[in-house]
1. Where in the range 144-231 are there helices (runs of 4 or more DSSP H), lying fully within it, with 1 or more residues that are touching a strand residue (DSSP E or B) at 6+ places or on another chain (Cβ under 8 Å)?
2. Out of Gln265, Gln288, I need the residue that is in a loop (DSSP other than H, G, I, E, B) and either surrounded by fewer than 20 Cβ atoms within 10 Å (Cβ to Cβ) or modelled with pLDDT of 95 or more (or both). Which one?
3. Listed residues Leu416, Leu427, Leu367; which is in contact with an Asp or Glu (Cβ under 9 Å, 6 or more places away or on another chain) and outside any helix (DSSP H, G or I)?
4. Among the residues of the range 224-246 satisfying the criterion of being without any contact (Cβ under 8 Å) to a residue 24 or more places away in the chain, of a type in the set (A, V, I, L, M, F, W, C) and buried (at least 16 other Cβ atoms within 10 Å of the Cβ), which is farthest from Ser309 (Cα to Cα)?
5. Which one of these is over 28 Å from Ala78 (Cα atoms) and part of a helix (DSSP H, G or I): Ile348, Ile339, Ile391, Ile385?
6. Does Ile149 meet the test of being buried (at least 23 other Cβ atoms within 10 Å of the Cβ), modelled with pLDDT under 95 and under 19 Å from Ile45 (Cα atoms)?
7. Is there a residue being among the small types (Gly, Ala, Ser) and closer than 17 Å to Gln288 by Cα anywhere in the range 401-423?
8. Looking at (1) part of a loop (DSSP other than H, G, I, E, B); (2) in contact with an Asp or Glu (Cβ under 9 Å, 6 or more places away or on another chain); (3) among the aliphatic types (A, V, I, L, M), find the lone condition where Ala302 falls short.
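The values are calculated or read from the model by the stated rules, or taken from the named source; none is laboratory data. A quick note: this is a predicted structure, and the numbers were derived from the prediction, not measured. For neighbour counting, all protein chains shown are included, and Cβ atoms are generated from backbone atoms with ideal geometry for every residue, glycine included.
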Amino acid sequence: MDMSIKDKVTDHIPGYNKAILPYHLLKAEVSGVKYGFPGKKMTVIGVTGTNGKTSTSFMIWKMLNNSGRKTGLMTTVAWGGLSEMVGKPGDSGSREGDKDGLHKQLKHMTTVDSMTLNRRMKTILETGAEYLVLEVTSHAMVQFRTLGIPIEIAVMTNVTHEHLDYHKTFENYRDAKVKLFKKAKYGIANADDRSSTFFMNAVSDGTTYGINRGRLKAENIELSAEGVSYDVQDMRIKTRIPGKFMVYNSLAAVAVGQRLGLSEQEICDGIYALESVEGRMNRVEVGQDFMAIVDYAHTPDAFLKVYESVAPNKNGRIISLFGGAGRRDETTRDERGEIAAKYSDVCIITEDDSRDEDPEKIAKMFLVGCEREGMKLGEDVFIEIDRKKAIEKAVSLAKKGDIVLILGKGHEKTILRDDGPHPFEDLVETEKAIRKVLEK
């Protein structure tokens, strides 16, 4: 079904999402039987949360493989994860594998539909995987996509407002994620998140982590542009990815490693082995004298975490580019605009998967938040709907020492407009825009 048609159907038929749940259940049952319930033959670590799921999943996956545990991966960004998979036939939504056996996830979906999920799990199993790190969304839990997949360990990164267009209330959204913990033998939750008790009450055994509280508590934290480092118990953890949020993500990985019996050295080495995650705080460097960063941030909490990592910029200004997806939770658009304006010197509002919603209308909702923070249209906040032109504008405004943030799409390979998907990659377009400036 065409994306815009599907969205219109779900919007205009009362109770549509609930009415088709029996279909999702039947599909999940058929999928499991067809592919032999491959999830039952691996130790599955499920990772859920509003933000940080992908980075945490990658870190756990890298840590386990680095320690010799053959581990597959299924996330928003990619699936596969064993070097033996390179060159093997994929399916729709995949490309040729990289050196780690990862195939790009092209669809704008974190936990794919149950049929695709089981098919890919079987492929991963056939390469010899003993473990699987599975990124799990609230939609997946409600729609039975993980049916027949035993969860050995469930991880919760955080829970903030998102997907209320589907779940209607924050409580429904949170409780959908809690379902993962109800399936799990062991739970690991971020104790600094106000929803953590709901998750830990859903498991009979588990642990918590955090900066302010939790059994695994980070101390002596050092943040730099090269990564983060901190002490936890008898370990000194170091990451190659910057940002305070990486303290939380890596603490979750530490907890998983301990539960699975990894040594302290294996945990430390495995976490440090992860060099980057596509679309997550990726620096684009082609010889320019300013910094350009591409990140997937598209929620208020994710915006705050990005700015926490780069602001204030003592060497120059912060130029931020962002937009909002159509047919998605619109209640936080002005909030995101306000957050961006608070930490930025210049804001450029653009398109971001507008689908069949008017991108100009979406942009003006973000503008409300920017103006609330004191910005003025045409002076320090601009609207450029064409995302390619918007990126070019952001880069052209940058001077020595500035930081340009390209937010919202991260790793995604397409942009969804009213007439369907169009090829588009922020990382590619940002590099092109910088080269264009350098050539002048």
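1. Details: elements: 164-167, 170-183, 196-200.
Output list reads 170-183, 196-200.
2. Values: Gln265 fails: in a loop (DSSP other than H, G, I, E, B).
From the options Gln265, Gln288, the qualifying one is Gln288.
3. From the options Leu416, Leu427, Leu367, the qualifying one is Leu416.
4. Val232
5. On the way: Ile348 fails: part of a helix (DSSP H, G or I); Ile391 fails: over 28 Å from Ala78 (Cα atoms); Ile385 fails: part of a helix (DSSP H, G or I).
Every option except Ile339 fails the conditions.
6. Details: buried (at least 23 other Cβ atoms within 10 Å of the Cβ): yes; modelled with pLDDT under 95: yes; under 19 Å from Ile45 (Cα atoms): yes.
Criteria met by Ile149.
7. Taking the range 401-423 as the starting set, the residues that turn out to be among the small types (Gly, Ala, Ser) are 401, 408, 410, 420.
Restricting the remaining residues to those that are closer than 17 Å to Gln288 by Cα gives 401.
The answer is yes, given that some residue of the range 401-423 is among the small types (Gly, Ala, Ser) and closer than 17 Å to Gln288 by Cα.
8. That leaves (1) as the condition not met.
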